[in-house]
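Asker: Just dropping this structure here.
What follows is calculated from the coordinates using simple rules that are stated; it is not laboratory data. It should be emphasised that the depicted structure is a prediction, and the values quoted were computed from it without experimental measurement. Don't worry about glycine lacking a Cβ; one is built from the backbone with ideal geometry, like all the others, and counts go over all protein chains shown.
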Amino acid sequence: MTDLTGHIALVTGSSRGIGQAIALALARNGVDIAVNFISRKEAAQGTVERIMALGRKAIAVQADVSVSSEVDRMVQDVRSELGEIEILVNNAAIAKQRSIEEVTEADWDETIAVNLKSAFLLTQAVIPGMRERGWGRIINISSGAAQTGGIMGPHYTASKAGIEGLTRAYAAGLVKEGITVNAIAPSIIRTDMMQGMNEMADRIPLGRMGHVDEIAEAVVFVSGNGYLTGQTICMNGGLYFR
């Protein structure tokens with residue numbers, strides 16, 4: 001495993017939930033963190049303070065990751081404040097539950113932009129710096145919905161299936177340059193999104209929902225492994241096998 005001490009990571013959507021857990025786990029392993037948020041400034045600053053308490057550098061950077069100009073500005077801010085981004089975790093996403101009959105074109109466009117287009121924009125933005133160093137880690141947060149269809153609707157499922165295709169395309173194109181690209185696909189994790197849906201745990205063979213820290217542990221593992229690329233790591237408590 002690669003020693004991650006001193007590396008710099010950008011974790012999108014990391015003011016709370018899975019993103020926050022990932023940011024904290026990377027910080028515990030010596031990584032300096034850029035905490036991205038879109039509207040929860042106080043929560044993002046709280047994450048920054050927790051990272052700094054671990055002895056690592058951290059900044060909060062506001063940006064709508066579905067907008068190219070904001071992505072470019074955010075990446076430049078991170079470079080100025082922390083240095084070149086070496087670990088990118090594309091975690092930011094929205095999940096608006098819609099039935100097949102209810103989903104609208106606006107739902108589709110917004111979900112694809114936030115969940116999928118953002119990963120493309122950010123990856124394109126950080127690749128030049130990773131190429132210069134001959135080292136980089138890009139980790140995309142997918143979902144079990146990409147395999148099972150899920151309950152959120154076709155717009156969400158398509159966005160996460162797209163994430164896995166994007167992962168493989170970049171992995172194939174960057175494998176000889178020291179840059180690995182992988183996806184992690186959580187299913188039924190205890191987050192704000194799952195509030196009031198405790199009955200979902202009954203679907204899990206393990207008998208409980210997953211914890212955000214368990215997803216974060218997988219991100220740390222992938223960040224430190226130089227041989228793993230183009231893969232989707234499914235974390236679902238035995239809900240399905242792949």
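Asker: Testing the spin-label approximation: label points 7 Å from Cα along Cα→Cβ at GLU110 and THR2. State their distance in nm.
Answerer: Modelled inter-label distance: 3.7 nm.
Asker: Continuing with this model, one more query. Tell me which residues come under 5 Å, amide H to amide H, from SER66 once H is placed; ignore anything under 5 positions away on its chain.
Answerer: Under 5 Å from the amide H of SER66: no residue qualifies.
Asker: A follow-up question, please. Residue separation times 0.36 nm, minus the C-alpha to C-alpha distance between GLU199 and LYS41: what's the value? It would help to have the intermediate numbers written out before the result.
Answerer: Working: separation 158, 0.36 × 158 = 56.88 nm, distance 3.20 nm.
So the extension gain works out to 53.7 nm.
Asker: I've got another one for you. Between ILE189 and residues 5 or more places away or on another chain, which pairs have amide H atoms under 5 Å apart, with H built 1.01 Å from N, and which residues are they?
Answerer: GLY210
Asker: Report relative contact order for the chain in percent, whole number only (criteria: Cα-Cα under 8 Å, sequence separation at least 6).
Answerer: Numbers: 496 pairs, mean separation 48.8, N = 242.
For the chain, the relative contact order is 20 percent.
Asker: Would you compute, from DSSP H runs of 4+ residues alone, the mean residue ellipticity of the chain at 222 nm, taking -39500 (n - 2.57) per run and dividing by the full residue count, rounded to the nearest 500?
Answerer: Values: 8 runs with 101 residues, N = 242.
The per-residue figure over the chain is -13000 deg cm²/dmol.
Asker: Which loop-located GluC sites (Glu not before Pro) does the stretch 88-123 contain, where loop means any DSSP state but H, G, I, E or B and the Cβ has at most 14 other Cβ atoms within 10 Å? All intermediate terms of the calculation are to be shown ahead of the outcome.
Answerer: Values: sites: GLU101, GLU102, GLU105, GLU110; in loops: GLU101, GLU102.
Hits after loop and neighbour filter: GLU101, GLU102.
Asker: Sticking with this one: Pairs of lysine in the chain with Cα under 27 Å and at least 8 positions apart or on different chains: total?
Answerer: Qualifying lysine pairs in the chain: 9.
Asker: Return the whole-Å distance between the Cα centroid of the stretch 1-59 and the Cα centroid of the stretch 130-200.
Answerer: Each part reduced to its Cα centre gives a spacing of 19 Å.
Asker: Given labels modelled 7 Å from the Cα in the Cβ direction, how far is it in nm from THR148 to ASP192?
Answerer: Modelled inter-label distance: 2.4 nm.
Asker: Let me ask you something else. Which order do the peptides 140-153, 219-232 take when ranked by the mean count of other beta-carbon atoms within 10 Å per residue, highest first? Show your work: numbers first, answer last.
Answerer: Working: 140-153: 21.4, 219-232: 17.3.
Averaged packing, sorted descending, gives the order 140-153, 219-232.
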